[in-house]
Amino acid sequence: MRHFAIVGSGPAGCYLADQLQRLAADAKIDVIERLPVPFGLVRYGVAPDHQSTKAVVRVLDKVLGRDRINFVGNVEVGRDVSLDELLRLYDAVVVATGAPLDRRLGIAGESLPGVLGSGAFVGWYNAHPDWRAAPPAAVRSAVVIGNGNVAIDVVRILAKEAAEMAGSDIDPAAQAHLAALPIAEIHIVGRRGAADAKFTQHELAELGTLARARASVAEGATLAGDTPELDVLRGFVAANAAREPAPVSIVFHFGLTPAAFVGESALEAVRFSRAGGGTVELPAQLAVTCIGYESVACDRLAPSSGRFANEDGRIDEGLYVTGWAKRGPSGTIPTNRSEAQQVAKRVAAETVDHGRAGAEGLAALLAERGVRRVGHPGWRSIDAAEQARAPADRCRHKFDTVAAMLAAIADRS
Ligand SMILES: Cc1cc2nc3c(=O)[nH]c(=O)nc-3n(C[C@H](O)[C@H](O)[C@H](O)COP(=O)(O)OP(=O)(O)OC[C@H]3O[C@@H](n4cnc5c(N)ncnc54)[C@H](O)[C@@H]3O)c2cc1C
C-alpha cells in the first residue's frame, strides 16, 4: 500500500486526490487542510453571488468522501506537523497550498488605513476566519486597481444593492456594512490600455445589468480594437448617452500607473501617473489592489518569485507541487484539473511503496500533540449547520471563526 499526503484542499488538492486515486489502485490519500473546512478559494475567493461557479464543490466534496481518500482538516503543516515528518510518514507529499498573500505595489502610502489587498477584502466578505477586519465605513469613492476578473468581482460586490445578493452566501455582517456605505463612485483602474485588459466578456457585461449602478469609461480612453470585451465597453459608453445618471457610477480608467496612496492618517486619494505623461488623482476612502497573489512558506519550504520552484511539478525526492503553489496565481478552476492529471501521472509513476505508516502514523502524531483533527463527517456537520442557519434569502451562513466551526461539529455529534 502506497501512502500519499496532499497539503491543501483547494481545487488543486482535490483534483489531484481524484486523479491519484484513479491512477494508483493501491494508494491511500490524505488531504491535509489548515482550516476545518475544505475547498480553499472556491469557498473563500469565488464571489458569493456566483453560486453556479461555487457548485463545483459538489464534485470536489464527492472526491473527499471516497473510500481511499481521507480529509484531515484543522491541521496546518508547519504548525501541527512538519513537512519533514510528513516526508517520513508518506511515500510522497504534494504541496497544494495556493498563493494566499496579496502582491504589493510597493508605493508610498500602501499601509494607510483604507488600502486593502483583494485577498483581505474578498476574504472579509466571504467570511474567511483570517480576514475579519471590516473596511472603512465612510466610503463615498472607491478605487479598485487591476484589470482582471477579481477586480470586476470587487467592483460588482461594492456596487450591488442588498436585494441583488439574494441567494448568495455573502457574510451577513459584511453585507450590512456594504449596504450602509454612502458609496457613489467606483473607479476601476488599469495600467495598460483597454485592449490589454484581462477581464472576460461575461464578467464585464454583468456590470451593465446592476440595479443602482451605471458603468462608463473615463474620457480620453481609447477603445479601438476588435475584442468582445471592447465591444462591451463601447456598449457602456453608447448606453449612457441616452440615460440619466445612476446613484452609483462605475468608471473604467486605462493607462494609469499607481504612484502613491495619499492621506494623512487614512486614505484620501490615489495618485497615478498617466501613460502619456502627467498625473491624475482620484479621491478615495477605500482602495482595493487586485494585482495578484504570492505563495507563502509551507514550513521549511520557501517560495521564490511567488511560487515553489519545481520541474514539471517535482520539487525534490518524494516532494511535489500543484495548483497556484506550482504555477502562480493564474488560470481558472478547471486549469487545476488538467494540471492535476499531469502531476498525478508523475507522482504515481515515480513513487514506490516504502512500507511507511501513512494516515495511521499521522493520526498517532496528532493525538500525541492534542491536535483536534476534523474528518469528512466533521466537515459535513459544519456544512449542514451553515445551511440550516441561513436566512430565507441566503443559501448559507458561514461560520467565520475556527472555534465556531468546531462548536458546530460538537453540537451535531
Ligand atoms: C477572488 C478570487 C476569485 C476567483 N474566482 C474564480 C471564478 O469565478 N472562477 C474560476 O474558475 N476561478 C476563480 N478563481 C481562481 C481559483 O480560485 C483558483 O484557480 C484555485 O482556487 C486555485 O486552487 P489551489 O488549490 O491551488 O489554491 P487554493 O484554492 O488557495 O487552496 C489552497 C488550500 O491550501 C490550504 N493551505 C494553505 N497552507 C496550508 C498549510 N500550511 N497546511 C494545510 N493547508 C494549507 C488553504 O487553506 C486552502 O484551502 C478566483 C480566485 C480568486 C482569488
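Quick notes
- Dipole magnitude of segment 3-160 about its Cα centre (Cβ charges: Lys, Arg +1; Asp, Glu -1), debye to nearest 20: 540 debye
- Normalised contact order of the chain, rounded percent, pairs of Cα under 8 Å and 6 or more residues apart: 25 percent
- Among Ile29, Ile333, Ile107, the ranking by other beta carbons within 10 Å of each residue's beta carbon, starting with the fewest, stands as Ile107, Ile333, Ile29.
- Rounded to 5, percent antiparallel among DSSP beta bridges of the chain: 30 percent
- 10 °C / 1.306 mPa s Stokes-Einstein diffusion coefficient of segment 64-209, Kirkwood radius on C-alpha pairs, µm²/s: 86 µm²/s
- Were the residues from Glu281 through Ala180 laid out at 0.36 nm apart, the gain over their Cα-Cα distance would be 33.8 nm.
- Dipole of the chain computed with +1 at Lys/Arg Cβ and -1 at Asp/Glu Cβ about the Cα centre; of Ala25, Ala302, Gly292, farthest Cα towards the positive end is Ala25.
- Cα-only Debye scattering, segment 173-243: base-10 log of I(q)/I(0) at q = 0.18, 0.20 Å⁻¹: -0.79, -0.93
- Using a Gaussian network model of the chain in which every pair of alpha carbons under 10 angstrom is joined by a spring, one finds that among Ala363, Ala92, Ala142 the greatest mean-square fluctuation is at Ala363.
- Given the chain, longest segment not containing exposed loop GluC sites (Glu not before Pro) (DSSP; at most 14 other Cβ within 10 Å): 1-160
- Each Cα pair under 8 Å and six or more residues apart adds its separation to the average, and for segment 104-289 the resulting relative contact order is 32 percent.
- Viscosity 0.890 mPa s, temperature 25 °C, Stokes-Einstein D of the chain from Kirkwood C-alpha radius, µm²/s: 108 µm²/s
- The charge dipole of the chain, taken about its Cα centre with unit charges on the Cβ of Lys, Arg, Asp and Glu (plus for the first two, minus for the last two), comes to roughly 340 debye.
- When the chain is treated as a GNM with alpha-carbon contacts under 10 Å, the residue of Asn126, Asn310, Asn74 showing the greatest mean-square fluctuation is Asn310.
- Average Cα contact separation per residue, segment 240-361, under 8 Å, 6 or more apart, as relative contact order %: 12 percent
- Spatially proximal lysines relative to Lys326 (Cα-Cα < 26 Å; intrachain offsets below 8 disregarded): Lys28, Lys54, Lys62, Lys198, Lys345
- Taken over the alpha carbons of segment 192-301 as equal point scatterers, the Debye sum produces base-10 log I(q)/I(0) values at 0.23 Å⁻¹ of -1.37.
- Of Ala184, Ala241, Ala120, the one that fluctuates the most in a GNM where the chain has Cα springs shorter than 10 Å: Ala241
- Quarter of Cα convex hull surface for segment 104-289, i.e. mean projection, nm²: 10.5 nm²
- Each Lys and Arg contributes +1 and each Asp and Glu -1, all at the Cβ; summed about the Cα centre of segment 104-289, the dipole is approximately 240 debye.
- A straight line joining the Cα centroids of segment 228-255 and segment 9-24 runs 43 Å.
- Pairwise centroid distance, computed over Cα atoms, of segment 199-220 with segment 313-348, Å: 34 Å
Values in this text are rule-based calculations from the coordinates and carry no lab data. Everything numeric here is computed off the predicted structure, so don't read it as measured data. All Cβ positions, even for glycine, are placed from backbone atoms using ideal geometry, and neighbour counts span all protein chains on display.
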